[in-house]
1. Nearest 0.05, what FRET efficiency do M324 and N47 give at R0 = 22 Å with Cβ-Cβ as r?
2. So if each residue of separation counts as 0.36 nm, and I subtract the Cα-Cα distance between K382 and R465, what length gain in nm does that give?
3. For the chain, which span is the longest to avoid every loop-located (per DSSP) member of trypsin sites (Lys or Arg not before Pro) having at most 13 other Cβ atoms inside 10 Å?
4. With only Lys, Arg, Asp and Glu charged, each at its Cβ (+1 for the first two, -1 for the last two), find how big the charge dipole of region 41-109 is about the Cα centre; round to the nearest 20 debye.
5. Express in % the proportion of alpha carbon pairs of region 49-88 at distances exceeding 14 Å.
6. Relative contact order of region 102-161, please, whole-number percent, based on alpha carbon pairs below 8 angstrom and at least 6 residues apart.
7. Rounded to the nearest 20 Debye, what is the dipole magnitude of region 131-208 about its Cα centre when Lys and Arg each give +1 and Asp and Glu each give -1 at the C-beta?
8. Beta carbons within 10 angstrom, averaged per residue: use that to sort the peptides 252-258, 99-105, 331-337, highest first.
Amino acid sequence: MQSTATLFLGLLATLVSGAAFNKHAALEDCLLGSSTVVDEVGSEDYNRDVTPFNNRLRFLPAAIAVPTTVEQIQSSVACGAKLGYKVTAKCGGHSYASLGLGGEDGHLIIELDRMNSVKLDKETNIAVVDSGTRLGHLAAELYEQGTRAISHGTCPGVGISGHVLHGGYGMSSHTRGLALDWVIGMNVLLANGSLIHTSATENKEVYWGLLGAGSNFGIVTSYELKTFEPPANVTWFVANLPLKQNTSVAALEALEDYVLNTMPAELNMRLFATRQFTQLEGVYQGNKTELEAALEPLLDKMGGKLATAQTTTWLKGLEHFATMKLNQTYPYNQVQENFYGKSLELKGLHGTAAKKFTDYWFNVAKNETARWYIQLDLQGGKNSAVWKADPELTSYAHRDKLYILQFYMTTDDTPETGFDFVNGWASATTEDLTASDWGMYFNYPDTNLNRTKAQEMYWGENLARLQHLKAELDPDELFYYPVSLSPARQPELM
């Protein structure tokens, strides 16, 4: 005979399962009543919308709501709040940690990519952009409607919201700043159901928090973007760097001196390396002759050589780095990989840090046969628009950093090998740095950080202020994910 304890546990499990079923049925009924389309499980849309960029991190949502109006966003979020579900906005679906799918099972996902309108006012040159717009579509529409642009990243399938709300570095950032630097206003739905407008003068604390940590406070429904007239011609290029272990530290120090003091504003560049090669690649906002003159002093010191350069139009320059069709909208078929990524934002890479970084590079990484790459984005310097922007206007915490360094390794069979490899390289690099010398970039999230460490790394000196804003706007953490901001604890009453 079964014991009383066994019978009790079985009954409890049945009750819990029944409660979960009833809760889910209530969610479905609520969403149906809100007139919001919901992806049917197993349908083509569902399978597309639930597909992660990082195939290592597949999560099962409670439901995927697909609004096409602001009112439908509001009613969908209200359903989640009423029934106790965590609510996550998803725009592009390119999160390294699958944060657009909640970063865990059981979230109500608000799939925004059907809302992708871009409208440019040709008198003010201000664009009003839906929050489900992908970067390639944004670029194509701004150019077609008025030969305008903003600064943004290279992948056309990335959504504007995840990109802009946490920084938005790309191949025009040295010239024109981060993507978030072009946002002058936002409409945002808060956890209490209210829809507010934010700018540098209206709800300005919310505006500050959204631009750097936006996924924590609400769902932006639209953006107002100032724009610029892009140059008639740009020149994309690749320069080969035959680095050796005994010359690599000197080469990195020459690069650092160049970025800090000499690199012209028109030059946008990164160091990119795999096991097989190392190169500088980027785009110059000008012609080939001007590019060659700008690069010559650096290549002479680093022992590099310009391999190829091509002058082309603004849109063709974007297409070169896109590696796919530029104008991406719904339906978007997600490219997938199994991988582990990690970032460092660094004030510099010289001396002991450079030595330990390159020792790992040549003694460990060069012997690793799994596919990996490193990417050193040259964010700062005295001529950089990122450094020249007002650091107090947004909550992006690492504007003072010279570099954004990304580590990336495929992990098809043994994820732990990738974890050890990437973390070992990052740890070697930061071992002798002070806490103020480095942080991490949220748009390359590290899935192995716990919540406390993640908040410290991503938001640095802005963390306490952001946690207080979280406590004010979302104290019950409706907009939660595993590494989201935790609300500041309220002082206990005496």
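1. After rounding, the FRET efficiency stands at 0.65.
2. Numbers: separation 83, 0.36 × 83 = 29.88 nm, distance 2.80 nm.
So the extension gain works out to 27.1 nm.
3. 123-243
4. Computed about the Cα centre, the dipole is about 180 debye.
5. Details: 422 of 780 pairs.
Tail fraction, whole percent: 54.
6. Details: 78 pairs, mean separation 18.3, N = 60.
Reported relative contact order: 30 percent.
7. For region 131-208, the charge dipole is close to 100 debye.
8. Ranked by mean Cβ neighbours within 10 Å, highest first: 99-105, 252-258, 331-337.
Taken together, the values in this text are just the output of simple stated rules run on the coordinates, not laboratory data. Model, not experiment: these values are computed from the prediction. FYI the Cβ positions are ideal-geometry reconstructions off the backbone, even for glycines, and counts take in every protein chain you see.
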